[in-house]
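Here's the structure, in structure tokens; my notes come after.
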Amino acid sequence: MSFITRGFTGRRRDRDPRLPPGQTLSPDWPVLSAGPTPRVSTEEWEFTLTTENGTHRWSWDELRALGIEDITTDIHCVTHWSKLEMPWRGVSLDTIFAQVQTHHAYVMAHSYGGYTTNVPMADLLGGKSWIAFEADGEPLDPEHGGPARLLVPHLYFWKSAKWIHGLVTMPRDDPGFWEQNGYHLHGDPWKEERYW
Ligand SMILES: Nc1nc2c(c(=O)[nH]1)N[C@H]1C(S)=C(S)[C@@H](COP(=O)(O)O)O[C@H]1N2
Ligand SMILES: [Mo]
């Protein structure tokens, strides 16, 4: 029956059901950066989490000691390319937020180099996001955000801030860099929340 249903919906038979609307598979991993690539060594790298109750800091070793997870996930860029089943390694935001208390429902991610992007807490917690150090079995290249980047793979990839430096919780959903420049506040690829 399913092949008949396909005909009715007009869906292309070779289209992978894991691809959100308007996306195509990329054979390689494109680099998209709004500015120059910051070079941050793991010795100087530091991750901060600021809430209404203060700032917590972790060094490279301290953050990794919280517990590293293996992740296999698809990623979707708003410029229409996707990659499927990418292996990543990182520390879950659930693990990191378990160490702090906040009543805020939103977060601004801040990168070395000045990039920012806003994400609701509901899109960070519950096994949905990580501070990632490795992809495809290798330490993250600087071009791809090394030494560490935010990974929020169920949202468009601009939310996955490269060269992550810290998160700041916020009471309101203030727009980050691309969101101030016309990208959608939320960015769900399955709803094609590309621009607003
Ligand atoms: N710090 C920072 N993070 C960033 C960006 C950026 O310009 N600076 N670009 C975003 C965009 S638009 C995309 S699509 C992805 C690209 O990640 P990649 O270069 O590893 O493919 O990073 C996101 N994170
Ligand atoms: Mo992007």
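All of the numbers you see were taken from the coordinates with simple rules; none came from a lab. Please read these numbers as outputs of a predicted model, since none were measured by experiment. Ideal geometry is used to build each Cβ from the backbone, glycine not excepted, and the neighbour counts take in all protein chains shown.
Points to keep in mind about this one:
- Taken over the range 108-139, the criterion of being more than 16 Å from Glu46 (Cα to Cα) and hydrophobic (A, V, I, L, M, F, W, C) is satisfied by Met108, Val119, Met121, Ala122, Leu124, Leu125, Ala135.
- Among residues of the range 55-91, those that are out of contact with any strand residue (DSSP E or B) (no Cβ under 6 Å at 6 or more places or on another chain) and aromatic (Phe, Trp, Tyr), counted: 2
- When Gln101 is tested against the conditions (1) loosely packed, with under 12 Cβ neighbours inside 10 Å; (2) in a strand (DSSP E or B); (3) in contact with a Ser or Thr (Cβ under 8 Å, 6 or more places away or on another chain), the lone failure is (2).
- Neighbours by Cβ (under 8 Å, 6+ apart or cross-chain): first from the range 20-32, in contact (Cβ under 8 Å) with a residue 12 or more places away in the chain and more than 25 Å from Tyr115 (Cα to Cα); second among the aliphatic types (A, V, I, L, M) and away from ligand 2 (no atom under 12 Å from the Cβ): Leu25/Leu19; Leu25/Leu84
- Any chance Trp81 is within 16 Å of ligand 2 (Cβ to nearest atom) and not aliphatic (A, V, I, L, M): yes
- Within the range 56-84, considering residues that are of a type in the set (Ser, Thr, Tyr) and in contact (Cβ under 8 Å) with a residue 40 or more places away in the chain, the one surrounded by the fewest Cβ atoms within 10 Å (Cβ to Cβ): Thr79
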